[in-house]
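Notes for the one structure printed next.
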Amino acid sequence: MNYTSEIKEGENGTIDIIAELATEDFAKYRGEAVQALSENVEVKGFRKGNVPEDVVEKEVGEQAILDEMAQHAISVLYPEMLKKHEIDAMGRPQVSITKIAADNPLGFTITTNVMPTVEIAEYKKIAKNEAGNAESIEVTDEEVTNAIEQLRKMRAQNDAAANKKQDAEGEEAASTESSDEPKDEGANDDSKEKTEEELPELDDEFVKTLGDFKDVADFKVKLKENLKAEKANQAVEKKRIAIMDAIIDKSEVTVPQMLVDHEINKMMGQMEHDVSMSGMKFDEYLEKIDKTKEDLKKDWQETAEKRAKMHLVINKIAAEEKIEPSDEEIEAETQKVMEQYKDVKGIDENSARLYVAGILTNQKVFEFLESQGE
């Protein structure tokens, strides 16, 4: 195919492919363009897809045919030009037609994001240094006592809310009685809220309502084990963040704005979900915190860029070390996700599979980095 193309560096990790397709090669796409347009043209006396070219042109116009020709030509040329110029593109490109007319060359510019350059530091050495800083995990008796008090307070609050609801229902039922009956002004004295919480007694009966516990002693032992496990998980997460931060700080990573925007959109989606789960509309929440969506996006810019860098570094390490989950692992976890969200409409299994593959890859990369300190 006879065409010319040149590359110009754009902004925020983009490039412009400026191209022109020769007149005779552009003209070759007229037949398939007309055929494609005829599929949607209804003309009396002709079946869809069998409308003659002159009739299609009369119905849709010459410009519509030229536009369709351009779409077909560019869809063929784009991957060919990526290969020719060794461009590792990502995301959906933007196409701008710069020249289009019958019996003329087709001129166009394609703007696309390119995979950023990741010059990664000595991640094995860095991981070994960071992973070697072991943190001892201990749970004090005071922490156990505080956790128990918190559980007792939560139970007291839940009981108070349930009693308040019951009292309200009782008052509503009483209001249906005759309005002529005399009212006792002091009747509601006993229903006044108490200033001090009445915490449930820490006894065998109470702990059995919290779970599968034999008695208070058994509850305290298992509570301490749970607190220790929670601390251990937090320590692992803290260590992983320290390792990744150290690697990112010593690496050179260019982050396209597209990836930053992608992270911001994920953060926005998560916040909208969390707010809706609390029973509040997102617009009401924004008004309450005196913020707009644009304000949040600006606030999240730095965090989103850091998250994008982390994903790029993880992918680079995964590629270098040939780390990837097996098909069996991906399939098993995907089915768990599909089962968990079986009642949610619009869950796409292929999207879930891609999500699972990413999560599993991240997990395996972090496990690999942690193993450097062993």
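What follows is calculated from the coordinates using simple rules that are stated; it is not laboratory data. Given the structure is predicted, the values throughout are model-derived calculations rather than measurements. Note: ideal-geometry Cβ built from the backbone for every residue, glycine included; neighbour counts use all protein chains shown.
Some points to look at:
- In terms of distances greater than 18 angstrom between alpha carbons, the cross-link table entries LYS128/LYS250; LYS238/LYS297; LYS238/LYS293; LYS153/LYS208; LYS128/LYS228; LYS309/LYS336 yield LYS238/LYS297; LYS238/LYS293; LYS128/LYS228; LYS309/LYS336.
- Reduced Cα scattering model of segment 3-115, Debye log10 I(q)/I(0), q = 0.15, 0.19 Å⁻¹: -0.69, -0.93
- Taking Cα centre as origin and charging only the Cβ of basic (Lys, Arg, +1) and acidic (Asp, Glu, -1) residues, the dipole magnitude of segment 212-270 rounds to 340 debye.
- Extension gain for GLN157-ALA27 works out to 39.2 nm (0.36 nm per residue, less the C-alpha to C-alpha distance).
- Taking 0.36 nm per residue of separation and subtracting the current Cα-Cα distance, fully stretching the chain between SER371 and GLU39 would add 113.6 nm.
- Helix-derived mean residue ellipticity, 222 nm - over the chain, DSSP H n ≥ 4, -39500 (n - 2.57), to 500: -20000 deg cm²/dmol
- Per-pair calculated FRET efficiency, R0 = 51 Å: ASP54 and MET271 via Cβ, rounded to 0.05: 0.35
- Size of electric dipole in the chain: Cβ of Lys, Arg +1 and of Asp, Glu -1, about Cα centre, debye, nearest 20: 1720 debye
- Applying 1/(1 + (r/R0)^6) with R0 = 41 Å to the Cβ-Cβ distance of ASP327 and GLU9 gives a FRET efficiency near 0.60.
- Build a GNM of the chain with springs between Cα atoms under 10 Å apart, and of GLU305, GLU135, GLU53 the one that fluctuates most is GLU53.
- Unit charges on C-beta of K, R, D, E only; dipole of segment 3-115, Debye: 280 debye
- Distance between the 7 Å Cα→Cβ label points at GLU252 and GLU138: 4.6 nm.
- Note on segment 3-115: Lys pairs 8 or more places apart or on different chains, Cα atoms under 25 Å apart, count 13.
- Length added when fully stretched, ALA168-TYR341, from 0.36 nm per residue minus Cα-Cα: 58.7 nm
- Candidate values [x] 135; [y] 303; [z] 127 were compared with volume of the Cα convex hull per residue in Å³ computed on the shown model; the agreeing label is [y].
- Spacing of the two label points (7 Å from each Cα toward its C-beta) at ALA217 and ASP103, in nm: 10.3 nm
- Label zone at THR111, where the point sits 7 Å out along the Cα-to-Cβ direction: segment 1-44 residues whose backbone N lies under 14 Å: 8-18
- Measuring r between the beta carbons of MET280 and VAL76 and using R0 = 45 Å, the FRET efficiency lands at 0.35.
- Cβ-based net charge around ASP299, under 12 Å, with every Lys or Arg adding one and every Asp or Glu removing one: +1
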